[in-house]
1. Name the one entry in 299, 286, 254 that is part of a helix (DSSP H, G or I) and touching a His at 6+ places or on another chain (Cβ under 9 Å).
2. Taking residue 308 and the conditions (1) of a type outside the set (Lys, Arg); (2) surrounded by 15 or more Cβ atoms within 10 Å (Cβ to Cβ); (3) on the phi > 0 side of the Ramachandran plot, which numbered condition does it fall short on, given that it satisfies the others?
3. For the stretch 170-216, how many residues are touching a residue at least 24 places away in the same chain (Cβ under 8 Å), among the charged types (D, E, K, R) and in a helix (DSSP H, G or I)?
4. Take the residues in the stretch 333-347 that are exposed (fewer than 15 other Cβ atoms within 10 Å of the Cβ) and closer than 25 Å to residue 173 by Cα, then tell me which one is nearest to the chain's Cα centre (by Cα).
5. What about residue 83, is it at pLDDT 95 or above and either closer than 22 Å to residue 173 by Cα or outside any helix (DSSP H, G or I) (or both)?
6. For residues that are farther than 27 Å from residue 253 by Cβ and either basic (Lys, Arg) or free of Cβ contacts under 8 Å to residues at least 40 places away in the same chain (or both), tally how many sit in the stretch 297-347.
7. Can you tell me which condition residue 307 does not meet? The list is (1) within 17 Å of residue 237 (Cα to Cα); (2) outside any helix (DSSP H, G or I), and all the others hold.
8. Pairs only if they're at least six apart or on different chains, beta carbon under 8 angstrom, first in the stretch 249-277 and in contact (Cβ under 8 Å) with a residue 40 or more places away in the chain, second assigned to a helix (DSSP H, G or I) and among the acidic types (Asp, Glu); list them, first residue then second.
Amino acid sequence: MRGALDGTLVIELANYVAGPFAGLLLADLGARVVKVESPPAGDPYRAWESGTYSSAFFAHNRNKESIVVDLRSERGLEVARRLVDKADVLVENLRVGAMDRLGLGWDQVRVANPRLIYCSITGFGSSGPYVDRPGYDTLGQAMSGLLGQLTSLSRPEPMGVSLSDHLAGLYAAYGILGALSARERTGEGQRVETSLLQASAAVVGENLTRYLASGEELTRESRARTAQVFAFTDRDGAPFVIHLSSPDKFWTSLLAAIDRTDLADDPRFADRSARQRNREAIVDLLTGIFSRGTRSDWLARLQSHDVPCAPINSLVEVVQDPQVRHLGIVREIARPETGAMRVIASGASLSATPAPMRPAPLLDEDRESILAELGFPADYLRE
């Protein structure tokens, strides 16, 4: 079955996470994504754990093709230019100025291919006072305010997942899809830009907007208080969360689940505003109650009263979760050279054009077929 972006050629000149994740999102929609890798070892993520085919690489590069091209050589640049001339989309996340020095910058390639959608992902933008700084995920989180909303500012801790990288890839794909749609009307390509800083700040947009409107600086604790979000551990240390949000019914349901309906008449908890002001009293009360039982029992009682709650799952618990299994979020892909590998499916499901699930390419796996398609002999890039 054809994908939603069937017939769309994407050239990916990108390594690690942000650019390849954007390419992955387009590949999952059916685009043909040709990953141009540098010799001798290709995308450094290939060897993130060991070898040349790490699970980290596999996670971001399924459904793609691979060709190794030395962009420092005349023949390599010729092949790259030919690919870009044919492409619908180019995705790159090199340091600012690198593509221009190669002769592959936006103003240089748009002349031959005015329909090209040219997407650049940077650390902090393509101009400005931070343009020459190296951009890494944690820096994007920190400078955008995202990390400050996720950790205690007095005892800061880095996150265990690359949030800014993935957000930049997500916004890049979002911009590319918009540009492809616009091209249907205008016939013209355009440049799409995002950065770790811009994408992450956009996700913090609600809190930033509230600050701009009121002057109140929000923290991680601010949202927990206003949204009535709580985290607890049971007697064995198993963690879980409760999210009461704004409807009063969830508070009264919680009181029923813990056999404390007498608290419904407590003026400290009379309404949402009172409960927000007296959050610490609620935390003390519930901590003592929940520490006397097991998480599974408490979640069953809470769910029976329709209280929004969930376990804080470890990765082991995620892949074993019945709903995760029901949704088919964990898939298995196999290839003869590497065997089977379990991966996470696309974050969106399309009924008429479902995402393909092909394995990530071996290094330089598609060189001969790509060169033949471009009109070059199979040994054109060999020294």
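The values are calculated or read from the model by the stated rules, or taken from the named source; none is laboratory data. Please read all numbers here as calculations on a predicted model, not as lab measurements. Note that we place each Cβ from the backbone using ideal geometry, even for glycine, and neighbour counts take in every protein chain shown.
1. Going through 299, 286, 254 in turn, the sole match is 254.
2. (3)
3. 1
4. 347
5. The answer is yes for residue 83.
6. Adding up the residues that qualify gives 20.
7. The failed condition is (1).
8. Hits for this filter: 272/248.
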